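What follows is one structure encoded as structure tokens, with my remarks underneath.
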Amino acid sequence: MNTELVIFDLDGTLLDTIGDLAVACNAMLALRGLPQHSYEEYCHFVGNGILRLVERALPEVLRTPENVAAARADFVKYYIDHIDCHTKPYAGIPELLAELKRRGVRMAVASNKFQEGTEKLIARFFPGVEFVAVFGQRPNVPLKPDPAVVDEILARARTPKERVLYVGDSGVDMQTARAAGVRSAGVTWGFRDREELQAAGACYLVDRPEQLIALL
């Protein structure tokens, strides 16, 4: 297939971030004297950006635009200072990135996490990896599954769609790849299950990072 570019989702794909996301969101809820949530619940809250995460964490009666905006601000303030307390790369990811680099395959990141957080985590955990682009949530750029972020990466990399593999852990990621017209690999070590990935149209399912090499 001669893959020239691999685009990675971040949370649930490259990094296990759910612990820090959960702690930060629960800290935001504690400030308000509200009920907190479990690790398992947060696995289903994430994937559509921080605004949706805090909205889902709030009791439904409190999900007004004003409350959600204030909650997001409190979340980001806490999270950016504690972003790497529990977060770590999934087993095999550093080796996978090193192998892609050795083979001359370019890499990029397309995340729904806010841009500052995305950049901070990539710099913290993958300082020696050269990415074509590291894109998170930015003003005036629609979130995935809108393909805008993938289209922007393709334009920067000047890579034909048939030579691109998009890798993610959620239905949102598989929908993004399909909307962008690129092949998708759904990883099963992340926050969502195989059924969601299959239902969203994953071209491939992989259980371990090294299996991605066979898809190049």
Exercise. Considering L10, L96, which residue is assigned by TED's automatic domain parsing to the domain that holds P209, under 24 Å from R156 (Cα atoms) and touching a Pro at 6+ places or on another chain (Cβ under 6 Å)?
Worked result: L96
Seminar exercise, completed: Given (1) modelled with pLDDT under 95; (2) surrounded by 15 or more Cβ atoms within 10 Å (Cβ to Cβ); (3) farther than 29 Å from N26 by Cβ, V150 misses just (1)
Exercise. Which residues, counting only those in the range 185-216, are surrounded by 21 or more Cβ atoms within 10 Å (Cβ to Cβ) and within 14 Å of the chain's Cα centre (by Cα)?
Worked result: A185, G186, V187, G190, F191, R192
Exercise. Among the helices (runs of 4 or more DSSP H) confined wholly to the range 105-216, which include 3 or more residues that are touching a strand residue (DSSP E or B) at 6+ places or on another chain (Cβ under 6 Å)?
Worked result: 115-125, 148-157
For this session: Kindly provide the set of residues from the range 27-42 that are surrounded by 19 or more Cβ atoms within 10 Å (Cβ to Cβ) and either outside the structural domain of A69 (by TED's automatic domain parsing) or touching a Phe, Trp or Tyr at 6+ places or on another chain (Cβ under 9 Å) (or both), ordered by number.
Result: M28, Y42
Exercise. Do we find that V61 is out of contact with any Asp or Glu (no Cβ under 6 Å at 6 or more places or on another chain), of a type in the set (V, I, T), surrounded by 13 or more Cβ atoms within 10 Å (Cβ to Cβ) and part of a helix (DSSP H, G or I) in this structure?
Worked result: no
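Yes/no matrix, rows are residues, columns are (1) more than 30 Å from C25 (Cα to Cα); (2) in contact with a Lys or Arg (Cβ under 8 Å, 6 or more places away or on another chain):
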| site | (1), (2) |
| --- | --- |
| V76 | no, no |
| A98 | yes, no |
| G104 | yes, no |
| N112 | no, yes |
| A123 | no, no |
| D146 | no, no |
| R156 | yes, no |
Exercise. Is it true that I83 is farther than 14 Å from K120 by Cα and surrounded by 18 or more Cβ atoms within 10 Å (Cβ to Cβ)?
Worked result: no
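The values are calculated or read from the model by the stated rules, or taken from the named source; none is laboratory data. Predicted model, so just to flag it, every value in this text is computed and none were measured. Quick reminder, even Gly has a Cβ in these numbers, built from the backbone with ideal geometry, and neighbours come from all protein chains shown.
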